[in-house]
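Only one structure is covered here, and it is reproduced in the block below.
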Amino acid sequence: MAQDQTRRGLLLILSSPSGAGKSTLARRLMGWDATLRFSVSATTRSPRPGEEDGREYYFKSREAFEDMVKTGQMLEHAEVFGNYYGSPRGPVEAAMKAGRDTLFDIDWQGGQQIKQHMRDDVVSVFVLPPSIAELERRLRSRAQDSDEVIAGRMAKSQAEISHWAEYDYVIVNRDIDSAFAELVTILQAERLRRDRQPALADFVRNLNREFDAR
């Protein structure tokens with residue numbers, strides 16, 4: 001699928017409680033459209049073995065990160081366990097100018113910050129589980145976390161879900177294939193919005209010229 005330089009790229013925000021499926025949906029969406037850009041975060045933590053600057057993260061010193069925040073170069077940021085994480089503005093705006101959409105896999109707090117900066121360009125989608133019992137089952141099926149960690153994730157999930165009404169769209173992930181189809185439909189519809197297609201004005205003017213020439 002070719003990128004569309006006749007329109008400004010949009011920012012697609014995906015949020016959900018842990019285990020509801022947003023990361024799976026994000027990966028599938030990236031595979032569906034190779035022009036879609038996944039937002040690479042900046043962080044002050046040290047690179048782990050095998051990680052490359054600009055691929056997994058943009059690795060910054062604490063001073064450099066704080067300077068980016070002060071000068072408005074971060075769309076959103078937060079401090080987690082003593083390290084900063086955030087979304088640099090520059091690569092996102094460059095993609096938008098090229099007609100390329102950017103996908104964000106972030107929580108509701110990050111989503112709110114991005115909306116404050118780029119409201120007209122944001123499409124936000126919240127993913128809900130079909131039930132709390134199913135959410136816990138999915139977390140346990142990963143076989144990665146202790147009971148204590150799962151309990152913590154479940155407690156956080158209630159706070160995350162309370163922000164569902166702040167999003168443009170809500171998908172209930174009862175089945176991953178159906179949820180993915182709904183997500184693709186949302187993205188396709190948003191790309192076709194009249195206000196996202198500036199070339200339409202010239203197209204209609206040309207149609208009117210054809211009428212006048214008849």
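Here is how the numbers come out for the structure above:
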{"quantity": "Sole residue being under 30 Å from Met154 (Cα atoms), surrounded by fewer than 15 Cβ atoms within 10 Å (Cβ to Cβ) and touching a Leu at 6+ places or on another chain (Cβ under 7 Å), chosen from Phe38, Phe81, Phe104", "calculated": "Phe38"}
{"quantity": "Matching residues in region 56-107 - criterion: being among the hydroxyl-bearing types (Ser, Thr, Tyr) and either touching a residue at least 40 places away in the same chain (Cβ under 8 Å) or touching a helix residue (DSSP H, G or I) at 6+ places or on another chain (Cβ under 8 Å) (or both)", "calculated": "Tyr84, Tyr85, Ser87, Thr102"}
{"quantity": "Tyr58 assigned to a strand (DSSP E or B), in contact with an Asp or Glu (Cβ under 8 Å, 6 or more places away or on another chain), at pLDDT 95 or above and surrounded by 13 or more Cβ atoms within 10 Å (Cβ to Cβ)", "calculated": "no"}
{"quantity": "Where Ile13 falls short, out of the listed (1) farther than 18 Å from Ile176 by Cβ; (2) assigned to a loop (DSSP other than H, G, I, E, B); (3) not acidic (Asp, Glu)", "calculated": "(2)"}
{"quantity": "Given (1) under 20 Å from Arg119 (Cβ atoms); (2) touching a Ser or Thr at 6+ places or on another chain (Cβ under 7 Å), index of the condition Tyr84 fails", "calculated": "(1)"}
{"quantity": "Considering residues of region 130-164 that are β-branched (Val, Ile, Thr) and modelled with pLDDT of 90 or more only, the residue surrounded by the most Cβ atoms within 10 Å (Cβ to Cβ)", "calculated": "Ile161"}
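The values are calculated or read from the model by the stated rules, or taken from the named source; none is laboratory data. These numbers come from a predicted model, not from an experiment. Because the Cβ atoms are built from the backbone with ideal geometry, glycine has one as well, and the counts that use them run over all protein chains shown.
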